[in-house]
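These notes are about the structure you will find just below.
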Amino acid sequence: MSVAALPSALETGVSRSRVEILQFVRDRTAVIFTFAFPAMLLLLFGSIFGKSFDQAGVSASQVYAASMIAYGILSTAFVTMGVGLALDRDDGTLKRLHGTPMPVAAYLLGKLILVLVLSVAEVAVLVLVGVLIFGMTLPDAGHWLTFAWLFVLSVVACTLLGIAVSGLVKRARAAGAILNVPVVFLQFISGVFIHPITMLPSWLVTVASFFPVKWMAQGFRYVFLPDGMRTLEAAGQWELGRTAMVLGAWCVIGLVLCLVTFRWTERDR
Amino acid sequence: MTAIDVTGLRKTYRGHEAVRGIDLAVARGEVFALLGPNGAGKTTTVEILEGHRRRDGGEVRVLGDDPATGGRAWRARIGIVLQDTEDAADLTVREMVRHVAGLYPDPRPADEVIELVGLTEKSASRIRTLSGGQRRRVDVALGIVGRPELLFLDEPTTGFDPQARRQFWDLIRALAAEGVTILLTTHYLDEAEALADRLAVLVDGRIAAEGTPATLGGRAAAGAKVSWRENGSTRTEWPADPTDLIRKLVATDADLTSLTVTRPTLEDTYLTLIGAEK
């Protein structure tokens, strides 16, 4: 009998990520609706409302460009993960892998790398549209540093919540539609589609403050907009510390929910 | 040395007893077929042995371990050919076989496995574009790429054309000749008869009969069916030994041009066992 060692979780996770990325880019639905849609919406909103709002030398289209990064990450992390897992459970991918020596960690690492690659590309596209079409200026090094931790916390929180939510989806074909309900809902109340957020009833802002999207959008506005724009935020401040705390808390909540709800296959009938 | 050892296996789904006390022993190197109508509990049983499903009762040992707690090293020693998969549709055959090969400590080379299942010409095609039979052959390739000691085949030839089935049988025989233990479920009795050293018929969650293809359900002792024409009508008898009857017939003026002597086929035995109308 052979005594060759099992490949490590890291090795198989990286191999898995290659397969995940190949499958994603070959799936036209995913590329258009998950990847390209935020940029399409940015172009649309930016063009429609571009001149309707002008303050401190900032146009509405630039505000959208910054806020839409939150949407981009929601889409590439939360939706990709939630839909991807539901589909993998439905089409037999998880069952197949569960019958091989692949550890769960390697499977999830593969998904995480996919999400990271997609999110970096997504943000790059949105920033490019913002800069090239709507004249948004790129931030300085200090702001990029904030961007870095904000990006990581946002991606991790959204990814973990996507994994957790996938367990609630019964039919994979409905996953995209179901997951987009919280995505669209939260964007309306979190200052992504409607800004200044203070236009919303204050109780709605309070509701939004419990969820990550508001803090993500606010953080990205801090990174990409002039400092004076802080007066339009709910608290009149950028609240970076609170942003880090809320997103960090959602990472923990997401992790716990994942550990509780993750399953390889559909529950036993 | 047993590859699979099951005693008193039980599984209930919401009050419905799918498996009600199964005992099974499969020796190393044996090809064992599990037959039975839909809903008899075949897939449930196999999925419990594979570690995909939890059992409600009984003892199970597969390659010496309990599948419910089998770890990575245990899973590296088994191979599973799934039923009804649709995964990896956007990957090519070679990409998927290579990927799965990379999960095992000592895999067969991907191209060799693709050749074994006869998909060399399709190795650069997306799995989505394959026919049903070709898709199943990918499943088989993925099941054997890790050089399993024990291979589970759940209705592997569904959707194959006759020629593909023959090729598949040759492949299974070659694996068995290498010493791989094979547990097969199938609807096709000729398949069980062609491949299995031993088989069991599952009816309503229980084993109705177990034996070799030649002896299952008392088949060897079931006697012969003798038919001939006499006075313009067909007569049939079931003697334990047809010799005397035929000797007697030769002495009469019965029309023996239409004489047939048949033994019950595996299908006859099977249909009797599951209580179906002939």
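The values are calculated or read from the model by the stated rules, or taken from the named source; none is laboratory data. Everything numeric in this text was worked out from a predicted model, so none of it was measured. Every residue, glycine among them, receives a Cβ derived from its backbone with ideal geometry; neighbour counts consider all protein chains shown.
Going by what's in this entry, would B:Arg165 be described as part of a helix (DSSP H, G or I), more than 9 Å from every other protein chain (Cβ to nearest Cβ), within 26 Å of A:Thr29 (Cβ to Cβ) and touching a Ser or Thr at 6+ places or on another chain (Cβ under 8 Å)? In short, no.
Mind checking whether some residue in segment B:247-262 is surrounded by 13 or more Cβ atoms within 10 Å (Cβ to Cβ) and polar (S, T, N, Q)? Among the residues of segment B:247-262, not one is surrounded by 13 or more Cβ atoms within 10 Å (Cβ to Cβ) and polar (S, T, N, Q), which makes the answer no.
Of the candidates A:Val165, A:Val117, A:Val129, A:Val155, the single residue that is closer than 30 Å to A:Gly92 by Cα and more than 13 Å from the chain's Cα centre (by Cα) is A:Val165.
Mind listing whichever residues of segment B:210-228 are among the hydrophobic types (A, V, I, L, M, F, W, C) and more than 15 Å from the chain's Cα centre (by Cα)?
B:Ala214, B:Ala220, B:Ala221, B:Ala222, B:Ala224, B:Val226, B:Trp228
Filtering segment A:81-98 down to residues that are touching a residue at least 40 places away in the same chain (Cβ under 8 Å) and acidic (Asp, Glu), which residue is farthest from the other protein chains (Cβ to nearest Cβ)? For segment A:81-98, the residue satisfying everything is A:Asp90. Within segment A:186-193, is there a residue that is in contact with a Phe, Trp or Tyr (Cβ under 7 Å, 6 or more places away or on another chain), of a type in the set (Val, Ile, Thr) and touching a residue at least 24 places away in the same chain (Cβ under 8 Å)? Yes, segment A:186-193 has at least one match. All conditions in (1) modelled with pLDDT under 80; (2) over 24 Å from B:Glu193 (Cα atoms) hold for B:Arg263, with the sole exception of (2). Considering only residues that are within 12 Å of chain A (Cβ to nearest Cβ) and more than 16 Å from the chain's Cα centre (by Cα), which ones fall in segment B:145-162? Correct list: B:Val145, B:Gly146, B:Arg147, B:Pro148, B:Glu149.
The set of residues in segment A:210-229 that are surrounded by fewer than 18 Cβ atoms within 10 Å (Cβ to Cβ) and either in a helix (DSSP H, G or I) or at positive phi (or both) comprises A:Asp227, A:Gly228. For A:Pro101, the conditions (1) touching a residue at least 12 places away in the same chain (Cβ under 8 Å); (2) out of contact with any Leu (no Cβ under 7 Å at 6 or more places or on another chain) are fulfilled apart from (2). Taking segment B:181-200 as the range and being crowded, with 24+ Cβ neighbours inside 10 Å and farther than 21 Å from B:Ile144 by Cβ as the test, only B:Leu199 passes. Scan segment A:118-138 and give yes if some residue there is of a type in the set (Val, Ile, Thr) and within 14 Å of chain B (Cβ to nearest Cβ), otherwise no. Looking for residues that are of a type in the set (Val, Ile, Thr) and within 14 Å of chain B (Cβ to nearest Cβ), one finds none in segment A:118-138, hence no.
Within segment A:165-192, the set of residues being in a helix (DSSP H, G or I) and charged (D, E, K, R) comprises A:Arg173 only. Just to be sure I understand, how many residues within segment B:49-66 are more than 7 Å from every other protein chain (Cβ to nearest Cβ), under 30 Å from B:Gln134 (Cβ atoms) and not small (Gly, Ala, Ser)? Of the residues in that region, 2 qualify.
Rundown of residues vs (1) modelled with pLDDT under 90; (2) hydrophobic (A, V, I, L, M, F, W, C); (3) crowded, with 22+ Cβ neighbours inside 10 Å, yes/no style:
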residue	(1), (2), (3)
A:Arg16	no, no, yes
A:Val63	yes, yes, yes
A:Asp90	yes, no, no
A:Ala105	yes, yes, no
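For A:Gly254, indicate whether it is in a helix (DSSP H, G or I), surrounded by fewer than 19 Cβ atoms within 10 Å (Cβ to Cβ) and in contact (Cβ under 8 Å) with a residue 40 or more places away in the chain. So A:Gly254 does not fit the description; no. Considering only residues in segment B:1-38 that are small (Gly, Ala, Ser) and away from chain A (no Cβ under 13 Å), the one that is nearest to B:Gly51 (Cα to Cα) turns out to be B:Ala3.
Taken over segment A:4-17, the criterion of being out of contact with any Asp or Glu (no Cβ under 9 Å at 6 or more places or on another chain) and either in a helix (DSSP H, G or I) or among the aliphatic types (A, V, I, L, M) (or both) is satisfied by A:Ala5, A:Leu6, A:Ala9, A:Leu10, A:Glu11, A:Thr12, A:Gly13, A:Val14, A:Ser15, A:Arg16, A:Ser17. Among the residues making up segment A:170-194, those that are touching an Asp or Glu at 6+ places or on another chain (Cβ under 9 Å) and surrounded by 13 or more Cβ atoms within 10 Å (Cβ to Cβ) are A:Ala172, A:Ala175, A:Gly191. Taking first residues from segment B:70-87 that are more than 17 Å from A:Ala5 (Cα to Cα) and partners that are hydrophobic (A, V, I, L, M, F, W, C) and outside any loop (DSSP other than H, G, I, E, B), the Cβ contacts under 6 Å between residues at least 6 apart in sequence or on separate chains come to B:Gly79/B:Ile144; B:Gly79/B:Leu151; B:Ile80/B:Phe152; B:Val81/B:Val140; B:Val81/B:Leu153.
The helices (runs of 4 or more DSSP H) found wholly in segment B:169-278 and carrying at least 3 residues that are in contact (Cβ under 8 Å) with a residue 40 or more places away in the chain occupy B:189-195, B:266-273.
When every residue of segment A:25-44 is checked against the conditions, none turns out to be in contact with a strand residue (DSSP E or B) (Cβ under 7 Å, 6 or more places away or on another chain) and among the small types (Gly, Ala, Ser).
For segment B:98-135, residues that are over 19 Å from B:Thr157 (Cα atoms) and among the hydrophobic types (A, V, I, L, M, F, W, C) total 5. Scanning segment B:69-101 for residues that are within 8 Å of chain A (Cβ to nearest Cβ), basic (Lys, Arg) and surrounded by fewer than 22 Cβ atoms within 10 Å (Cβ to Cβ) yields a single hit, B:Arg72. The residues listed here are A:Ser67, A:Ser59, A:Ser8, A:Ser47; of these, the one that is among the polar types (S, T, N, Q) and within 14 Å of chain B (Cβ to nearest Cβ) is A:Ser8.
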